[in-house]
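All remarks here apply to the structure that follows.
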Amino acid sequence: MDEQDDDNERATRHLRLRKRAEDLVEAAWLINEQLDLGSEIWLKSMDQKNVGHDAASLVQDIKKFTNTGRRREPTWARSGDRELARYTTNMMGYQVPLPPRHGGADEAIAGLRESGDGSAAGEDI
């Protein structure tokens, strides 16, 4: 694989992940909207399917990583420790942004809640 292939693969991965991030923000908005409307059948289905569990785990792992001051967990999880294995996988290679480029996820989510139309502060999703 040459350098151009590496660049193309990287660009494709970045586009795919940016689209996925946009979809996750929109999914969070849709879930919050349905919670406000009390759509119990739909909410029960989302809960039973465990929709968003992997994304929620990622968020909690990053919060733990950035808020506890503990920057280093074991490189490899002990056999049978599923939580530590997930944490290790989620955090491997993660870089703490300094300073945040866009105000962070909390600001984006707050913007979604305020706008009521699925877009944050006038940005397209």
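The values are calculated or read from the model by the stated rules, or taken from the named source; none is laboratory data. In this text the structure is predicted, and so the values were computed from the model without any measurement. Keep in mind that these areas ignore ligands, DNA and RNA; they rest on the heavy atoms of the full protein, side chains included. Shrake-Rupley method; radii C 1.70, N 1.55, O 1.52, S 1.80 Å.
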Stretchable slack from ASN67 to THR89, in nm (0.36 nm times residue separation minus alpha-carbon distance):
6.1 nm
Taking all protein chains in place and a 1.4 Å probe, what share, in percent, of the accessible surface of region 16-61 do carbon and sulfur account for?
57
